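Throughout, read-outs are computed from the coordinates displayed, never taken from laboratory work. The model shown is predicted, which means the values in this text are computed figures rather than measured ones. Virtual Cβ from ideal backbone geometry, glycine too; neighbours counted across all protein chains shown.
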Amino acid sequence: MSTKDYVYCDYAAGAPCRPQVAAEWARFAAHEFANPGAHHPLAYLARRKLMEVHERAASVLGVDPREIVFTSGGTESDALALRGVMKAAGQGRNELVVSGIEHHAVLLEAQRLEAEGAVVHYAPVSRDGVVDLAALQHMVGPKTALVSVMYANNETGVIQPVAQVAEIAHGAGARYHCDAVQAFGKVELAPREIGCDLMSLAAAKFGGPKGMGLLYNQMNSRLVPVVVGGPQEWGLRAGTEDLPGMAAMAVAMEVAKAERVAAWGPVATIRDSLETKLVAGLGANVRLNGKQAPRLPNVSNISFLHIEGQAMAIELGEQGFCVGLGSACAPGETDPSHVLAAMGLSWEDAIGCIRVSFGPDITQAQSDRLAELCIANYTSLRGLG
Ligand SMILES: Cc1ncc(COP(=O)(O)O)c(C=O)c1O
């Protein structure tokens, strides 16, 4: 059994590493091994390379290299943004506003901050999974230090009105953090245009190495670091730099940006045709969560009523299709997703959910086959056959 035996439809959980990325990683691992913090010629060379990788990542985002802090992924970037801002803010600004559909990396960090004395507000979302801007506006005030609303949701692909969120945050003198882990490489994304002060990315989601991420931190502004020790990453993230990982991530960012339109344009059409076929075959027994909202091109969040999504995913796996179950970051969880609950889905509708997230290599024939299998599996799982 190998990866070739499967149609991989779980890109929201992780994308395959691109060959150029693996090659860059290997080149750096073999040659740029000196510690950039040391004091000899090879260290000076490594330090120059370190600056170059910051420049490359910054140039993709249209920002300054000093605004890039490399991390171990989306979780660490989110933690640094939330904890970093909240701990740096004065006593007069101890409030944090997050949406109820944020990734657990944001929600659980918010809960920890709450336990440490911060006041946290959770903004509701509509039935389609879009943050309620009026409610958000109501929660943001002179005591708000930070607003954190993601760019696109990891379970539904629903895109949030990020520019308006930035305006609301700034209107109250608060900072805005955007978790763009799912969005980067699939939508045109420039932190300065959105107006966000902090933005999280994770390389594994767009063909970069696993365990690499970055936090954009506008004007290198003051954050209290989460990991302390050495002065690396502008004093915001201690520890010897993973130069090969950073270089590989920078290449992945360049390629993802260059190929974005060609790679993802056709995928939305295939995703839409999958949804059309499912509705034609199953009618009211299937529900497409977030379909009425703007979405990422490759994600479909599908509730099969009166069956368990996990049973459907297991069947599909045996038939050669790898699909997700809501969030892949919550292995072993049996409760239905907090995202679908926030969107007002009943327990029954949420438990019947799978997440299909296609890659650029998906074909129409594969998508058609997936639809057929879903329809046949549904009939047998419900004992209707
Ligand atoms: C929206 C979002 N934020 C944060 C994360 C966490 O990223 P990582 O697994 O790189 O720590 C994920 C992972 O799926 C995600 O989808």
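Per-residue Cβ neighbour counts within 10 Å put Trp347, Trp25 in the sequence Trp347, Trp25, beginning with the fewest. By other beta-carbon atoms within 10 Å, ranking Leu296, Leu113 with the fewest at the front produces Leu113, Leu296. Rounded to 0.05, the FRET efficiency of the His39 and Ala163 pair, given R0 = 45 Å and the Cβ-Cβ distance, is 0.50. Among Ala88, Ala262, Ala250, the largest mean-square fluctuation in a Gaussian network model of the chain (Cα springs under 10 Å) belongs to Ala262. Length available on full extension from Ala26 to Arg192: 0.36 nm per residue minus the Cα-Cα distance, which gives 56.5 nm.
Counting residues in region 19-256 as N, plug N into 2.2 N^0.38 Å and put the Cα Rg over that result.
Values: Rg = 17.7 Å, N = 238, 2.2 N^0.38 = 17.6 Å.
In units of the globular-protein estimate, region 19-256 measures up at 1.01.
The angle between the Cα long axis of helix 243-282 and the main principal axis of the chain comes to about 20°, on a 0 to 90 degree scale.
Taking 0.36 nm per residue of separation and subtracting the Cα-Cα distance, full extension of the segment from Ala115 to Ser2 would add 36.1 nm.
Count neighbours as other Cβ atoms within 10 Å of each site's Cβ, and list the GluC sites (Glu not before Pro) in region 115-207 that are DSSP loop with at most 12 such neighbours. Before the final figure, lay out the partial values.
Details: sites: Glu116, Glu155, Glu167, Glu188, Glu193; in loops: Glu116, Glu155, Glu188.
Taking region 115-207 and a limit of 12 other Cβ atoms within 10 Å, the loop GluC sites (Glu not before Pro) found are Glu116, Glu188.
Sorted ascending by nearby beta carbons within 10 Å, beginning with the fewest, Lys4, Lys143 become Lys4, Lys143. In the elastic network of the chain, a GNM with C-alpha springs shorter than 10 Å, the most mobile of Thr144, Thr240, Thr156 is Thr240. Our estimate of slack between Met51 and Lys143, defined as 0.36 nm per intervening residue step minus the Cα-Cα distance, is 29.4 nm.
Shape call for region 279-385 from the C-alpha gyration tensor, a ≥ b ≥ c root eigenvalues: rounded (a/c under 1.5), prolate (a/b greater than b/c) or oblate? Please report the intermediate quantities before stating the final value.
Working: a/c = 1.34, a/b = 1.11, b/c = 1.21.
Taking the square roots of the gyration eigenvalues as a ≥ b ≥ c, region 279-385 is rounded.
Within the set Lys186/Lys210; Lys205/Lys277; Lys143/Lys205, which residue pairs have Cα atoms separated by over 30 Å?
Working: Lys186/Lys210 18 Å; Lys205/Lys277 27 Å; Lys143/Lys205 34 Å.
Correct reply: Lys143/Lys205.
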